Amino acid sequence: QLTHDGCLWRIGVGKQDLTICHKINSVDNKEDCYSEVAKAKKKIDICNNIKTLHRIQLCHRDVGMAKQDLSICENIQRTDLQTECYQEIAKATKNITVCDKIQNKYEGVMCGFCLPYLSKDEAIMLIYNSAKLLNTNGVLYMSTMEDSYENSGIKLFSPYFRLRRYLPQLRRQK
């Protein structure tokens, strides 16, 4: 079923007409219309109509790929979108030197409730290896339960299910 906004989106994108995109009520549809027109016209300044940070980054990626413009890719903050931009340009231009621009660094690494399943040495390696993946101001987020490490061991949940768990003892900063 085509809605009024959906109809405007189709016409706006089809005609590459920003004045039609402006008439769309739904923020998602409106910003997607701007992004599609920016990509089709290969004009990065059209992305300035978008207010949602995530969609701005998507718009920059799409225009960068459409124009095959590495300088646009370089200004994308999200590592995953920047990488996609570089990969598509490398593929389209068949230029392997573009691949050298891809950085395997991230803004954040998230480990949810994994420490109880790792020994102390494995946990240290996880933290060390995660830190190497982070940008300078990147964040490592870890959630866990806390207890004395001496209470680690096999936990019997039923006669058929047992689990070895390790309980980290966290130090508090003063």
- Is it the case that region 42-49 has a residue that's in contact (Cβ under 8 Å) with a residue 12 or more places away in the chain and crowded, with 21+ Cβ neighbours inside 10 Å? yes
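Out of the residues in region 83-126 that are within 30 Å of Gly64 (Cα to Cα) and of a type in the set (Ser, Thr, Tyr), which is surrounded by the most Cβ atoms within 10 Å (Cβ to Cβ)?
Looking only at region 83-126, we keep the residues that are within 30 Å of Gly64 (Cα to Cα), and these are 83-110.
In the following step, the residues that additionally are of a type in the set (Ser, Thr, Tyr) were identified as 83, 86, 93, 97, 106.
Numbers: Thr83: 18, Tyr86: 23, Thr93: 12, Thr97: 8, Tyr106: 17.
Within region 83-126, the match that is surrounded by the most Cβ atoms within 10 Å (Cβ to Cβ) is Tyr86.
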- Note on the structure: All conditions in (1) open to solvent by less than 70 Å² (accessible area, probe 1.4 Å); (2) among the aliphatic types (A, V, I, L, M); (3) under 23 Å from Asn135 (Cβ atoms) are true of Leu53 except (1)
- What residue, of Asp5, Asp28, is part of a helix (DSSP H, G or I), over 27 Å from the mean Cα position of the chain (by Cα) and of a type in the set (Asp, Glu)? Asp5
- Message: Regarding region 88-103, can at least one residue be identified that is touching a residue at least 24 places away in the same chain (Cβ under 8 Å), more than 30 Å from Ala123 (Cβ to Cβ) and among the acidic types (Asp, Glu)?
- Response: no
- Item | Positions within region 109-131 being more than 18 Å from the chain's Cα centre (by Cα) and either under 21 Å from Arg78 (Cα atoms) or free of Cβ contacts under 8 Å to residues at least 24 places away in the same chain (or both), in sequence order | Asp121, Glu122, Ile124, Met125, Leu126, Ile127, Tyr128, Asn129
- Among the residues of region 67-81, is there at least one that is within 19 Å of Leu134 (Cβ to Cβ), of a type in the set (A, V, I, L, M) and surrounded by 13 or more Cβ atoms within 10 Å (Cβ to Cβ)? yes
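The values are calculated or read from the model by the stated rules, or taken from the named source; none is laboratory data. Predicted, not measured: the structure shown is a model, and the values here were computed from it. Every residue, glycine as well, gets a Cβ built from its backbone with ideal geometry; the counts of neighbours run over all protein chains shown. For accessibility, only protein heavy atoms count, side chains too; no ligands or nucleic acids. Shrake-Rupley method; radii C 1.70, N 1.55, O 1.52, S 1.80 Å.
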